[in-house]
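Since the structure comes first, as structure tokens, the remarks are kept for the end.
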Amino acid sequence: MLKIHQRLGLATAVPMLAGLLTGPSAKNSSANRNLHVGLGTAAAAMYLATAYFAVRAPNIPGAGPKKGATRIHRALAFVHYPAMILTPIAGFAAKRQLERGQDAHSLGAQHATIATTAAVSFLLAMGVMVINF
């Protein structure tokens, strides 16, 4: 299960980064917004599948307490998991506000910040495991 978690995590980075890159142009037109929403939806679905395999993986008997890179990886999960839950909520708020002709405000205005926090902490968690120290 951890192998699947690793592979899905690497694959999840693709739509996540693509969503970040298409974010600024999402304000310009509904076609750009729909592309951004599609990429964000794919990233969220893949992220949830990745998290499922991490949570459901059995503990290795006799492995002892988590240390080193694994400990940092798990600590970063406490940052990117809530951010990944809040990102689509804030995105939906921003989308509705833009469709009404308003500027994004309140939670909608924080969508980019929350999404960037989620992506950076996710990529750092992935990088910590790739560069295992």
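When you check Ala26 against the structure, is it over 21 Å from Arg7 (Cα atoms) and crowded, with 16+ Cβ neighbours inside 10 Å, yes or no?
Considered against the rule, which asks whether it is over 21 Å from Arg7 (Cα atoms) and crowded, with 16+ Cβ neighbours inside 10 Å, Ala26 comes out as yes.
It is to be established whether one or more residues within the range 30-49 are within 18 Å of Ala112 (Cα to Cα) and surrounded by fewer than 14 Cβ atoms within 10 Å (Cβ to Cβ). The answer is yes, given that some residue of the range 30-49 is within 18 Å of Ala112 (Cα to Cα) and surrounded by fewer than 14 Cβ atoms within 10 Å (Cβ to Cβ). Test His73 against the stated conditions and say whether it is in contact with a Lys or Arg (Cβ under 9 Å, 6 or more places away or on another chain) and touching a residue at least 24 places away in the same chain (Cβ under 8 Å). Criteria met by His73. Regarding Thr70, is this residue modelled with pLDDT under 90, in a helix (DSSP H, G or I) and under 28 Å from Arg7 (Cβ atoms)? So Thr70 passes the test. Would you mind stating whether Ala93 is of a type in the set (A, V, I, L, M) and buried (at least 18 other Cβ atoms within 10 Å of the Cβ)? Spelling it out, Ala93 is indeed of a type in the set (A, V, I, L, M) and buried (at least 18 other Cβ atoms within 10 Å of the Cβ). Looking for something touching a Lys or Arg at 6+ places or on another chain (Cβ under 8 Å) and open to solvent by 40 Å² or more (accessible area, probe 1.4 Å) - is there at least one such residue anywhere in the range 114-131? Checked against the condition, which is being touching a Lys or Arg at 6+ places or on another chain (Cβ under 8 Å) and open to solvent by 40 Å² or more (accessible area, probe 1.4 Å), the range 114-131 yields no hits at all. Filtered by the rule that a residue be of a type outside the set (A, V, I, L, M, F, W, C) and at pLDDT 95 or above, the range 35-67 gives His36, Gly38, Gly40, Thr41, Tyr47, Thr50, Tyr52. Of the residues examined, Thr87 is not one that is part of a helix (DSSP H, G or I) and more than 17 Å from Ile114 (Cα to Cα).
Just one of the numbered conditions (1) under 18 Å from the mean Cα position of the chain (by Cα); (2) in contact (Cβ under 8 Å) with a residue 12 or more places away in the chain is not true of Phe78: (2).
Checked against (1) at pLDDT 95 or above; (2) open to solvent by less than 60 Å² (accessible area, probe 1.4 Å); (3) within 18 Å of Phe122 (Cα to Cα), Phe78 passes all but a single condition, namely (2). Quick check, is Pro24 under 22 Å from Asn132 (Cα atoms) and either small (Gly, Ala, Ser) or out of contact with any Ser or Thr (no Cβ under 9 Å at 6 or more places or on another chain) (or both)? Against the criterion (under 22 Å from Asn132 (Cα atoms) and either small (Gly, Ala, Ser) or out of contact with any Ser or Thr (no Cβ under 9 Å at 6 or more places or on another chain) (or both)), Pro24 does not qualify. Can you spot a residue in the range 22-32 that is under 13 Å from Ala125 (Cβ atoms), in a helix (DSSP H, G or I) and touching a residue at least 12 places away in the same chain (Cβ under 8 Å)? Scanning the range 22-32 turns up no residue that is under 13 Å from Ala125 (Cβ atoms), in a helix (DSSP H, G or I) and touching a residue at least 12 places away in the same chain (Cβ under 8 Å).
With the structure loaded, tell me whether Ala109 is of a type in the set (Gly, Ala, Ser) and in a helix (DSSP H, G or I) or whether it fails that test. The answer is yes for Ala109. In the set (1) open to solvent by 70 Å² or more (accessible area, probe 1.4 Å); (2) outside any loop (DSSP other than H, G, I, E, B); (3) among the small types (Gly, Ala, Ser), the condition left unmet by Gly62 is number (2).
The values are calculated or read from the model by the stated rules, or taken from the named source; none is laboratory data. Computed from a prediction, not measured in an experiment: that's the story for all the values here. Heads up, the Cβs are rebuilt from the backbone with ideal geometry, glycines too, and the neighbour counts pull from every protein chain shown. We work out accessible area using only protein heavy atoms, side chains counted, and drop any ligands, DNA or RNA first. Shrake-Rupley method; radii C 1.70, N 1.55, O 1.52, S 1.80 Å.
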